[in-house]
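For reference, the structure discussed in these notes is given below.
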């Protein structure tokens, strides 16, 4: 696996090294030793799936309050997503900045998101499946969100039609994370 730190400290693009032959390919998607060598969390307590029927589905921007902050490794084994990481760590030099990367079934790439990052994605294709490895258990009382269109952050979403849950639509603009 290749680990490339992006423009927000602690956010990594992880690219599996493929071994192709006439049958297809083989690639490792997780290795405790490689995550340790990169200085990343190497123990996950929960894995989640998010199935999305339609292109344009937008989920986010989600995070959990301390002490339930989550490390996430996000991948997209079917379809494609525009995956966004927003730095909400007040002591960070990149507070309020965001990065995005397309994760899809062809590139098999993953995003590693450290604690203190709000996360969201928008589907680029119908019938998209997103897979999460989580470093912390979901704690409903600690779950929070930031509006996807909060003008402070100016996140650019690629698909004009945005299919949102009522919960994601209800987050107030300008709330301080």
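Miscellaneous remarks
- Neighbours by Cβ (under 6 Å, 6+ apart or cross-chain): first from region 84-96, at negative phi and free of Cβ contacts under 8 Å to residues at least 60 places away in the same chain; second assigned to a strand (DSSP E or B) and surrounded by 20 or more Cβ atoms within 10 Å (Cβ to Cβ): 95/87
- Checked against (1) in contact with a strand residue (DSSP E or B) (Cβ under 8 Å, 6 or more places away or on another chain); (2) within 28 Å of residue 28 (Cβ to Cβ), residue 155 meets all criteria but (2).
- Taken together, the residues in region 101-132 that are in contact (Cβ under 8 Å) with a residue 40 or more places away in the chain and part of a strand (DSSP E or B) amount to 17.
- Segments classed as strands (runs of 3 or more DSSP E), wholly inside region 1-97, with at least 2 members that are modelled with pLDDT of 95 or more and surrounded by 12 or more Cβ atoms within 10 Å (Cβ to Cβ): 2-5, 12-15, 46-52, 58-64, 72-78, 80-87
- Hey, residue 120 over 20 Å from residue 4 (Cβ atoms), at pLDDT 95 or above and under 10 Å from the mean Cα position of the chain (by Cα) or not: yes
- Whichever residue in region 138-156 is outside any strand (DSSP E or B) and within 17 Å of residue 50 (Cβ to Cβ) and, among such residues, is modelled with the lowest pLDDT: 140
- Within region 3-18, residues that are free of Cβ contacts under 8 Å to residues at least 60 places away in the same chain reach partners that are outside any loop (DSSP other than H, G, I, E, B) and loosely packed, with under 13 Cβ neighbours inside 10 Å with beta carbons closer than 9 Å, at six or more positions or on different chains, in the pairs 17/2.
The values are calculated or read from the model by the stated rules, or taken from the named source; none is laboratory data. Bear in mind that the values here come from a model prediction, so they are computed numbers and not experimental data. Here the Cβ is made from the backbone with ideal geometry for all residues, glycine too, and neighbour counts use every protein chain on show.
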